[in-house]
Amino acid sequence: MVGRPGTPRLLRQLNDRAALDLLVSDGPLTRAQIGERTGLSKVTASQLLSRLEERGLVEAAGELAGGRGPNAALYAVVPSAAYVAGLEVGPGGVTAGVADITGRVIAKVTVDPNGSSEPVELVHSAVVKACRSARVALAKLSAFVIGSPGVVDPRTGDVQFSFDLPSWHEGVLAALRTDLRRPVTIENDVNLAAVAERAYGAARDAEDFALVWLDRGIGLSVMLGGRLHRGRSGGAGEIGYLPVPGAPLPVGGARRDGQGVTESTSWGIPALAGGYGSLVGADAVRRLAHTHGLTEPTAVECVAAAAADESRGGAFLDELADRIAYGVTSVNIVLDPGLVVLSGNLGAAGGTPLASRIESVVARLSPTRPTVTVTRVDGDPVLRGALHAALEQARDAVFSTDT
């Protein structure tokens with residue numbers, strides 16, 4: 001096979017991209033520092049910076065004092081070179097964030113659905129409000145990534161089924177792209193939480209890991225070889241449907257208004273009846289906590305109280321760990337990810353006391369022992385994952401061109 005020739009133009013593009021990525025992660029830097037870290041000569045580094053300044057991607061950002069000669073100029077990526085939007089949608093509303101090309105989040109807003117379930121209307125309203133708050137024109141946004149619960153078809157990028165959002169269905173992606181007139185990507189929300197975990201959290205730089213999401217919904221995301229495993233139809237990770245001992249069998253085709261559905265007293269919305277989700281969902285966890293004398297009003301508060309005082313809540317955490325371990329053990333035996341991260345409000349509430357218990361149970365049931373830990377992503381992991389994915393798209397588009 002004939003490889004792509006190393007033309008001067010290609011080499012310039014590669015050098016420019018390497019320098020821009022370096023400035024995003026470690027900037028501002030001097031010309032000499034850029035040359036040292038990229039292996040470029042002083043002349044090549046100077047030419048590179050001149051090109052990037054002409055393209056409006058890099059600007060002088062101060063000086064570095066020291067040495068006998070004049071102070072060296074510091075260079076940084078121009079924040080306004082591009083902007084992106086990341087969104088998290090759910091039955092309670094839409095949260096939208098706007099970030100500049102450096103990754104700095106400059107606005108975040110949440111829009112209440114106010115009875116409306118029309119996806120395009122809700123997303124458009126959230127994006128407009130976020131842009132207004134950021135003082136950035138909607139036309140300046142280079143990429144949109146939306147985190148949605150449910151099954152997203154990896155071939156078409158469209159939502160095939162969302163238990164929590166029945167109005168999100170095939171055709172929504174095209175409608176959003178038409179409305180926003182920009183590239184739009186829809187991704188499963190738990191997958192985006194895993195993206196954030198690898199970029200900023202407990203799975204930073206891990207090639208293989210699984211993330212178990214325990215929150216309003218129950219979900220799983222798996223990353224293998226640094227790539228999300230979505231499955232043929234996008235249904236990989238719908239662990240709430242996993243049949244487990246001690247729970248009724250789930251109904252695979254359950255819908256919010258159909259068979260296999262119950263009403264969540266914790267969230268006030270329909271929930272899957274049966275399967276793993278019914279064993280570790282908020283209602284079940286709160287009932288279990290109350291049998292152990294923990295009377296806090298919500299499942300998250302019960303778990304947090306137990307973790308804070310193991311003399312009071314240790315027995316509850318033991319039993320909860322047994323339940324959660326059903327799902328984690330299944331994943332460990334099939335995939336052997338090596339690392340399992342607990343995320344979502346309920347998953348994070350137990351901290352190390354819960355994670356260590358789950359790890360011990362899984363090790364007892366499995367031929368291998370994974371490390372089980374708690375998320376280390378600050379803030380909203382789904383929104384942070386959406387913004388990170390949007391930034392990668394925007395940087396590929398803006399940084400990789402030579403015009």
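The values are calculated or read from the model by the stated rules, or taken from the named source; none is laboratory data. Remember, predicted model here, so these are calculated numbers, not experimental data. As a convention, Cβ positions derive from the backbone with ideal geometry for all residues, glycine included, and neighbour counts pool all protein chains shown.
Evaluate the stretch 180-200: report whether one residue or more is free of Cβ contacts under 8 Å to residues at least 24 places away in the same chain and in a helix (DSSP H, G or I).
No, the conditions are met nowhere in the stretch 180-200.
Of (1) closer than 26 Å to residue 395 by Cα; (2) assigned to a helix (DSSP H, G or I), residue 122 satisfies all except one. Which?
(1)
For the stretch 188-214, which residues satisfy the criterion of being surrounded by fewer than 24 Cβ atoms within 10 Å (Cβ to Cβ) and touching a Gly at 6+ places or on another chain (Cβ under 6 Å)?
Within the stretch 188-214, 207, 208 qualify.
Could you list, in sequence order, the residues of the stretch 360-378 that are without any contact (Cβ under 8 Å) to a residue 60 or more places away in the chain and under 16 Å from residue 214 (Cα atoms)?
Of everything in the stretch 360-378, just one residue is without any contact (Cβ under 8 Å) to a residue 60 or more places away in the chain and under 16 Å from residue 214 (Cα atoms), namely 372.
Which number in (1) modelled with pLDDT of 95 or more; (2) crowded, with 16+ Cβ neighbours inside 10 Å; (3) among the aliphatic types (A, V, I, L, M) marks the one condition that residue 282 misses?
(1)
Residue 347 versus (1) crowded, with 24+ Cβ neighbours inside 10 Å; (2) in contact with a helix residue (DSSP H, G or I) (Cβ under 6 Å, 6 or more places away or on another chain); (3) over 28 Å from residue 21 (Cβ atoms): which is the lone unmet condition?
(2)
So in the stretch 224-239, with the set limited to residues that are surrounded by fewer than 23 Cβ atoms within 10 Å (Cβ to Cβ) and aliphatic (A, V, I, L, M), which one is farthest from residue 160 (Cα to Cα)? Can you show your working first?
Here is the first cut: in the stretch 224-239, the ones surrounded by fewer than 23 Cβ atoms within 10 Å (Cβ to Cβ) are 224-233, 235-236.
Checking the rest, the ones that are also aliphatic (A, V, I, L, M) come to 224, 228, 236.
Values: 224: 24, 228: 18, 236: 13 Å.
Among them, the one singled out is 224.
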